[in-house]
Amino acid sequence: MALDGITVAAVASQLKGSILGGRISRVAQPEKDELLMTIKTYDGQCRLLISANAGLPLIYLTDKNKQSPAEAPVFLMLLRKHIGNGRIISVEQQGLERIIRIGIEHLDEMGDLRSIFLVIELMGKHSNIILVDENDTVIDSIRRVPANVSSVREVLPGRAYFVPDNIRKLDSLKVSEEEFCSVTCNAPASVAKALSSTLAGISPIMAEELCHRCGIDSNFPIQSLETAEREHLFHTFRRLMDETAEGHFRPMIYYKNGVPREFAAVPMTIFSDCEGHAFDSISEALRTYYEEKENTSRIRQKSYDLRHVISVSLDRVRRKYDLQLRQLKDTEKRDKYRVYGELIQTYGYSSYDGSDSMTAADFYDDNKEVRIPMDPSLSVSENAQRYFERYAKLKRTYEALITQTKDTQAELSHLESVRISLETAQDETDLAEIKRELTEAGYIRKHAASAKGGRKEKEKTKRGKPLHYRSSDGYDIYVGKNNYQNDELTFRFASGGDWWFHAKKQPGSHVVVKLPDPSIDPPARLFNEAGQLAAFYSAGKDADKVEIDYVKKREVKKPSGAKPGFVVYYTNYSMIATPSLEGLTLVEE
């Protein structure tokens, strides 16, 4: 979710407890719309990242530094002059607006103590970082806004600073029940839309959350609510505002299938289908959320070419497979032609040359009469020979297609397994292994011969490591992220007495449970958690239930010449598992 008023309130609350009284030792501008301030406090040094990016405005504390450009921008030079070595004396949020105002005490050119304010507006495309004096006159801003850009408010040196009217939204921290009922509940909109459009700091997602807490349909017209429903909605809203005013925050990130879906400053009931992780501070939650989202986005961007290769190859192989199945269906007539030929040979004496059909008793089907079409231009024996030739041709086609469809089906399964591997890939090493597999399979052209010796360059890829989880009982469980890792995990890492899991008849990761002592039976809960893991890292991860095969690793074999990741086993147990990571802890290595 974007930064709303409640999230900004959580940030302001944390900053009051962290940087108030601290001195600004360094100011950097890593990006054209971003500041990184190093602040020395009584508890040590910290860094405050402020971004006025129109697509992703942010503010949070971090321990990471960023490289600055060689030449300092004009706004940065101005900040160093006015707030360098300044002491932070206040951190305030205006109402529940997405605005934080940081007061800084500094010495002017005459050596007199002055106050100056850094105003951080986190409002989407209108985001800005503005330096104003104690009279609220703009000194400068990271993004200047002239009159031809905004007719509502100019942000230029010398202009008076003010906050736009904000479409006359109510102050959420001070609104009374009477105002709520007269303004919000009379808005010509749905419940969720009325809440977000009339109350400052309430985002659309938070409006949905309030509706969910009240058990009210968010799309229902708010004017149609009963009196009791309006009162319940107001009191639920009031409790949330009281918690915000008192600084009772519990930052959360909600994960869906291992991918961060949303963050929030307070627990959200609308994400009950997601796995929630709590954080000690809103800065930690924001930093983690956007770093993980950035990593996921970066991997998806870098894997675009591989996805395209797999998509095109899958479409081609699927068309080929469909054509082969249609051709295979056509060969079902082969036995009928053989029978026709035999019947003509047996009863041909009753027919004559030049006839267009003959009737005979089918001795393969209780002597039922069957009418056999014939070519009048051919003799009786020639018609029989023609049917035998058709039968022989279709039989050869059938035998060839049986092998071809089996190979095509294996190719489809292999490509699907590579597609699943792309969904599991976490870094560039994983992508390099997938690219190597596609290259060796012929889907990507190999590099041309090197200039030195005319030999083809051998692609060198760093080997990735399988995912390592720990069960609730302390057992180590490993998951292959691609077919090379699956082979490595199953046939080189796992011991014969370890347990091996895989989704039944669908692409997925090999999952291995390492047993410290194979002679001791592990707890039943371990099998359930390993099964859930195998279901989660399979093509069925979005299904409610997935059938899982599990077997001792010694029973798993790899046929000679089989593609990476392909195995066979003939004795196994089966279970039904729900795709989930519940009870499992990812071990960082």
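The values are calculated or read from the model by the stated rules, or taken from the named source; none is laboratory data. These numbers come from a predicted model, not from an experiment. Heads up, the Cβs are rebuilt from the backbone with ideal geometry, glycines too, and the neighbour counts pull from every protein chain shown.
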Practice problem: Just one of (1) under 18 Å from G95 (Cβ atoms); (2) surrounded by fewer than 12 Cβ atoms within 10 Å (Cβ to Cβ) trips up G158, so point out which. | Solution: (1)
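For the condition within 15 Å of V8 (Cβ to Cβ) and among the small types (G, A, S), what is the one hit in S115, S127, S90? Even if it seems obvious, please write down each step before you answer.
Details: S115 fails: within 15 Å of V8 (Cβ to Cβ); S90 fails: within 15 Å of V8 (Cβ to Cβ).
Just a single option satisfies the conditions, and that option is S127.
If you go through the range 206-236, how many residues are in a helix (DSSP H, G or I), within 18 Å of T269 (Cα to Cα) and not β-branched (V, I, T)? Talk me through it step by step, then tell me what you get.
Here is the first cut: in the range 206-236, the residues in a helix (DSSP H, G or I) are 206-214, 222-224, 227-236.
Then keep just the ones that are within 18 Å of T269 (Cα to Cα); that gives 206-214, 232-236.
Now drop any that are not not β-branched (V, I, T), which leaves 206-214, 232-235.
The total comes to 13.
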Exercise. Please go through the range 311-361 and pick out each residue that is touching a Leu at 6+ places or on another chain (Cβ under 6 Å) and basic (K, R).
Key: R334
Quiz item: If we scan the range 534-545, do we find a residue that is touching a helix residue (DSSP H, G or I) at 6+ places or on another chain (Cβ under 6 Å) and exposed (fewer than 14 other Cβ atoms within 10 Å of the Cβ)?
Solution: no
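Could you pull out the residue among G464, G453 that is at pLDDT below 90 and under 21 Å from R307 (Cα atoms)?
On the way: G453 fails: under 21 Å from R307 (Cα atoms).
Only one candidate passes the filter, namely G464.
Residues to consider are I130, I142; find the one that is without any contact (Cβ under 8 Å) to a residue 60 or more places away in the chain and buried (at least 20 other Cβ atoms within 10 Å of the Cβ).
Details: I142 fails: without any contact (Cβ under 8 Å) to a residue 60 or more places away in the chain.
On inspection, the qualifying residue turns out to be I130.
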Quiz prompt | Number of positions in the range 325-384 that are of a type in the set (S, T, Y) and within 25 Å of E399 (Cβ to Cβ) | solution = 4
Quiz prompt | Residue in the range 509-522 that is part of a strand (DSSP E or B), under 13 Å from I420 (Cβ atoms) and in contact with a Ser or Thr (Cβ under 9 Å, 6 or more places away or on another chain) present | solution = no
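Go over the candidates K505, K481 one by one and state the one that is of a type in the set (K, R) and either surrounded by 15 or more Cβ atoms within 10 Å (Cβ to Cβ) or part of a strand (DSSP E or B) (or both).
Values: K505 fails: either surrounded by 15 or more Cβ atoms within 10 Å (Cβ to Cβ) or part of a strand (DSSP E or B) (or both).
Result: K481 is the single residue among K505, K481 that is of a type in the set (K, R) and either surrounded by 15 or more Cβ atoms within 10 Å (Cβ to Cβ) or part of a strand (DSSP E or B) (or both).
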Practice problem: Give the residues of the range 44-58 that are within 19 Å of I88 (Cβ to Cβ) and surrounded by fewer than 17 Cβ atoms within 10 Å (Cβ to Cβ), sorted by residue number. | Solution: G44, Q45
Self-check item: Residue match in the range 373-381 (condition: of a type in the set (S, T, Y), outside any helix (DSSP H, G or I) and surrounded by 12 or more Cβ atoms within 10 Å (Cβ to Cβ))
Solution: yes
Exercise. Inspect all residues belonging to the range 401-422 and state whether any of them is surrounded by 18 or more Cβ atoms within 10 Å (Cβ to Cβ) and outside any helix (DSSP H, G or I).
Key: no
Quiz item: Is it the case that the range 524-540 has a residue that's touching a residue at least 12 places away in the same chain (Cβ under 8 Å) and more than 29 Å from the chain's Cα centre (by Cα)?
Solution: no
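With a cut-off of at least 1 residues that are more than 37 Å from the chain's Cα centre (by Cα) and surrounded by 17 or more Cβ atoms within 10 Å (Cβ to Cβ), name the helices (runs of 4 or more DSSP H) lying wholly within the range 250-358.
Numbers: elements: 282-302, 304-330, 334-347.
Result: 334-347.
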Quiz item: Any residue at all in the range 301-310 that is touching a residue at least 24 places away in the same chain (Cβ under 8 Å) and under 26 Å from T405 (Cβ atoms)?
Solution: yes
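Looking only at strands (runs of 3 or more DSSP E) that lie completely in the range 40-121, which have at least 2 residues being in contact (Cβ under 8 Å) with a residue 12 or more places away in the chain and hydroxyl-bearing (S, T, Y)?
Values: elements: 44-51, 58-62, 87-93, 99-107, 113-121.
Here the list reads 58-62.
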